[in-house]
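Next up is a structure, given as structure tokens.
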Amino acid sequence: AGPTGAPGNQGAQGPTGPPSDMRLKDNIKKIDNVYSKTKSIEGVSFVWDHEHTKIKDDKSIAVQEAFKGPAIGLIAQQVENVVPELVFTDDDGFKSIEYGAMVSLGFGSIQEQQTHINMMIEKLDYLLKVVE
């Protein structure tokens with residue numbers, strides 16, 4: 001086995017993951033208009049600026065190779081405009097996204113779309129019956 005890397009900023013990972021038990025949460029509310037939020041966030045491809053001092057000199061980055069070459073992701077400033085609670089700003093002003101929480105938006109968006117699809121199917125079925 002190789003050396004163990006530095007822990008990430010996101011807390012527990014893997015099968016345990018961060019706690020999500022309902023008993024640990026108050027004021028639970030469904031996220032409304034999720035699709036309109038998610039459609040305004042663009043997935044992007046990019047190449048890391050691995051020579052930037054923020055990456056190059058960060059001792060907490062155990063594997064510098066992870067920040068070299070092409071990658072895909074989101075732009076934190078764009079996400080912050082839509083769902084600011086998923087973006088964190090460090091002491092130097094650099095932004096990070098809590099990618100794990102983005103899953104909630106994906107699920108909500110799919111569910112909203114399915115509701116719209118089901119409504120359209122019902123209307124289409126009704127119109128087809130009227131035409132017959």
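Values in this text are rule-based calculations from the coordinates and carry no lab data. From a predicted model like this one, the values you see are computed outputs, not experimental measurements. Here the Cβ is made from the backbone with ideal geometry for all residues, glycine too, and neighbour counts use every protein chain on show.
By how many degrees, 0 to 90 and rounded to 10, does the Cα axis of helix 99-131 deviate from the longest principal axis of the chain?
Tilt of helix 99-131: around 20 degrees.
On to the next question. What FRET efficiency do you get for Ser36 and Thr115 if R0 is 22 Å and r is their Cβ-Cβ distance, rounded to the nearest 0.05?
0.95
Moving to a separate point now. Contact order normalised by length for region 59-132, with contacts defined as Cα pairs under 8 Å and 6 or more residues apart; what percent is it?
Normalised by residue count, the contact order of region 59-132 is 15 percent.
So which lysines pass the test for Lys25, namely a Cα distance under 25 Å, with those fewer than 8 places away in the same chain ruled out?
The reachable lysines, counting only those whose Cα sits under 25 Å from Lys25, are Lys37.
Which of these, Ile117, Ile97, Ile75, has the largest mean-square fluctuation under a Gaussian network model of the chain (Cα springs below 10 Å)?
Its mean-square fluctuation being the largest, the pick is Ile117.
Is it possible to state the helix-based mean residue ellipticity at 222 nm for the chain, with each DSSP H run of 4+ residues giving -39500 (n - 2.57), the sum divided by total residues, to the nearest 500 deg cm²/dmol? What is it?
After summing the helix terms and dividing by the residues of the chain, the value is -11500 deg cm²/dmol.
Continuing with the same structure: Okay, which of region 51-77 sit inside 12 Å, backbone N to the point 7 Å along the Cα-Cβ direction of Lys95?
In region 51-77, the label zone of Lys95 (backbone N under 12 Å from the point 7 Å along Cα→Cβ) covers 74-77.
Defining a contact as two alpha carbons under 8 Å apart and six or more residues distant in sequence, what relative contact order in percent does the chain show?
Once divided by the residue count of the chain, the mean separation gives 24 percent.
For a paramagnetic label modelled at 7 Å from the Cα of Val47 toward its Cβ, which residues of region 57-92 fall within the zone defined by backbone nitrogen distances under 12 Å?
Residues passing the 12 Å test: 68-71.
Here's another thing I want to ask about it. How charged is the neighbourhood of Gln78? Take every other residue with its Cβ under 11 Å from the Cβ of Gln78, and add Lys/Arg as +1 and Asp/Glu as -1.
Value of the local net charge: -1.
Identify which of the listed values of mean projected area of the Cα convex hull in nm² was calculated from the structure shown: [x] 13.4; [y] 8.3; [z] 7.7.
So the calculated entry is the one marked [x].
Pairs Lys30/Lys54; Lys30/Lys129; Lys29/Lys54; Lys56/Lys95; Lys39/Lys68: which exceed 25 Å Cα-Cα?
In this structure, Lys30/Lys54; Lys30/Lys129; Lys29/Lys54; Lys39/Lys68 exceed 25 Å between Cα atoms.
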